[in-house]
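The values are calculated or read from the model by the stated rules, or taken from the named source; none is laboratory data. Everything quoted here is computed from the prediction, not taken from an experiment. Note that we place each Cβ from the backbone using ideal geometry, even for glycine, and neighbour counts take in every protein chain shown. Keep in mind that these areas ignore ligands, DNA and RNA; they rest on the heavy atoms of the full protein, side chains included. Shrake-Rupley method; radii C 1.70, N 1.55, O 1.52, S 1.80 Å.
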Amino acid sequence: MREPAYIVDLPHVYSGKVRDIYDVGDNRYLMITSDRLSAFDVVMAEPVLHKGRVLTAMSAYWSEQLSDVAPSHLISTDVRDVPQAAAIDDLAGRIMVTHKADMLPVECIVRGYLTGSAWKEYQRSGTMHGTRLPENLLEASQLPEPVFTPSTKAADGLHDENITFDQAVDLLGADLAEQARSISLELYRRGSALARDRGIIIADTKFELGHVDGQLVVADEILTPDSSRFWAADHWSPGSTPPSFDKQPIRDHLDTLDWDKTYPPPPLPRDALAATTNRYIEAYEQITGLSFSDWPGVST
Ligand SMILES: Nc1ncnc2c1ncn2[C@@H]1O[C@H](COP(=O)(O)OP(=O)(O)O)[C@@H](O)[C@H]1O
Ligand SMILES: [Mg+2]
């Protein structure tokens, strides 16, 4: 576990790469999304201004848009609902009050396009998570249909491991694995169709599901640039993976360095950080049609 980015006068539960979680009682969590950015699973030293607010705003948007597919863990994004958080500077717009969920031990990944580790496996063996795919697919090809490709949840610092659906059944039982698959596929289908209409391809994404009072809910962040690969639809052409909508300025900079992708991260130039903030905001505004300056904590 990491040091929290924000110290709040509540019992501290967990701090991950990006979020701090505190217990607000009543089976509820306060989740604070920091401006930390991770690249190649290494957390950069410098924050990306407002990134945590964009991730919070976007998750809240999807939670509402997709509420008929599955309920989410989200209760409120209003910092005034948690006095101990409202007392602290900079928390407006980056908090979620959530139901505490009993998380499934798998990451519910859905892929609509062939890239990343799935493209690597396909090149090696013609399969994706062990299932055969059509021949002659190119890197970043759209798959015939979206596929549920779960992975294990690795401890911090380790990489998650792709598993087959049968392995997910071993971990969850057949009914729950089936339920997780159908919810994840429907969330992806609906969300990616909406984003595509607005010029953004969501190539793949990771949902985290959990139980609240015996019901399966979508927890964590939902269809954000951090949990998904966002591509500008204009820049997509099968044969190579398009630049990531959000992290491209940082990746471009890191590519010029001789850095071995382990800690400590190299310092990041100011213009790359500012460009990244702008990309996150652009993704939010493009998808939601809302103005980010209306979100709490932004224009104050
Ligand atoms: N409603 C919830 N109840 C319990 N745990 C949750 C809930 N929503 C998200 N989580 C967990 O909280 C953590 C979020 O912190 P984050 O910084 O994203 O961690 P990580 O570095 O592990 O991705 C994740 O481990 C996620 O599984
Ligand atoms: Mg996370």
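I want to confirm something. Restricting to region 238-267 and keeping residues that are under 22 Å from the mean Cα position of the chain (by Cα) and acidic (D, E), which single residue is most open to solvent (accessible area, probe 1.4 Å)?
D252
Failed condition for H50, given (1) farther than 27 Å from S117 by Cβ; (2) within 11 Å of ligand 1 (Cβ to nearest atom), with all others met?
Going through the list (1) farther than 27 Å from S117 by Cβ; (2) within 11 Å of ligand 1 (Cβ to nearest atom), H50 breaks only (2).
What number goes with the only condition from (1) within 16 Å of ligand 2 (Cβ to nearest atom); (2) in a strand (DSSP E or B) that A155 does not pass?
Among (1) within 16 Å of ligand 2 (Cβ to nearest atom); (2) in a strand (DSSP E or B), the lone unmet condition for A155 is (2).
In region 137-173, what residues are at pLDDT 95 or above and on the phi > 0 side of the Ramachandran plot?
Answer for region 137-173, where residues must be at pLDDT 95 or above and on the phi > 0 side of the Ramachandran plot: A140, G173.
Looking only at region 195-225, which residues are more than 13 Å from ligand 1 (Cβ to nearest atom) and either assigned to a loop (DSSP other than H, G, I, E, B) or open to solvent by 20 Å² or more (accessible area, probe 1.4 Å) (or both)?
Answer for region 195-225, where residues must be more than 13 Å from ligand 1 (Cβ to nearest atom) and either assigned to a loop (DSSP other than H, G, I, E, B) or open to solvent by 20 Å² or more (accessible area, probe 1.4 Å) (or both): R196, D197, R198, G199, G214, L223, P225.
Among the candidates M31, M1, which residue alone is within 12 Å of ligand 1 (Cβ to nearest atom), of a type in the set (A, V, I, L, M, F, W, C), at pLDDT below 95 and under 20 Å from the mean Cα position of the chain (by Cα)?
Testing whether each residue is within 12 Å of ligand 1 (Cβ to nearest atom), of a type in the set (A, V, I, L, M, F, W, C), at pLDDT below 95 and under 20 Å from the mean Cα position of the chain (by Cα) leaves just M1.
Scanning for something more than 15 Å from the chain's Cα centre (by Cα) and free of Cβ contacts under 8 Å to residues at least 40 places away in the same chain, does region 98-120 turn up at least one residue?
Yes, because at least one residue in region 98-120 is more than 15 Å from the chain's Cα centre (by Cα) and free of Cβ contacts under 8 Å to residues at least 40 places away in the same chain.
Looking at region 139-152, I want the residues that are in contact (Cβ under 8 Å) with a residue 60 or more places away in the chain and part of a strand (DSSP E or B) and have a partner that is open to solvent by less than 40 Å² (accessible area, probe 1.4 Å) and not hydrophobic (A, V, I, L, M, F, W, C) with Cβ atoms under 7 Å, at least 6 apart or on another chain. Which pairs are those?
Partner pairs satisfying both residue conditions: Q142/G112; Q142/Y113.
Report the residue count in region 226-248 for those that are within 16 Å of ligand 2 (Cβ to nearest atom) and touching a residue at least 60 places away in the same chain (Cβ under 8 Å).
Selection size over region 226-248: 3.
Collect the residues in region 1-53 that are in a loop (DSSP other than H, G, I, E, B), more than 13 Å from ligand 2 (Cβ to nearest atom), among the β-branched types (V, I, T) and touching a helix residue (DSSP H, G or I) at 6+ places or on another chain (Cβ under 9 Å), keeping them in residue-number order.
Of everything in region 1-53, those that are in a loop (DSSP other than H, G, I, E, B), more than 13 Å from ligand 2 (Cβ to nearest atom), among the β-branched types (V, I, T) and touching a helix residue (DSSP H, G or I) at 6+ places or on another chain (Cβ under 9 Å) turn out to be V8, V48.
Can you confirm whether A60 is within 11 Å of ligand 1 (Cβ to nearest atom), without any contact (Cβ under 8 Å) to a residue 60 or more places away in the chain and among the small types (G, A, S)?
No; evaluated as a whole, the condition is false for this residue.
So, in region 87-120, exactly how many residues are open to solvent by less than 40 Å² (accessible area, probe 1.4 Å) and modelled with pLDDT under 95?
Counting residues in region 87-120 that are open to solvent by less than 40 Å² (accessible area, probe 1.4 Å) and modelled with pLDDT under 95 gives 2.
Can you name every residue in region 226-239 that is touching a helix residue (DSSP H, G or I) at 6+ places or on another chain (Cβ under 9 Å) and part of a loop (DSSP other than H, G, I, E, B)?
The answer is D226, S227.
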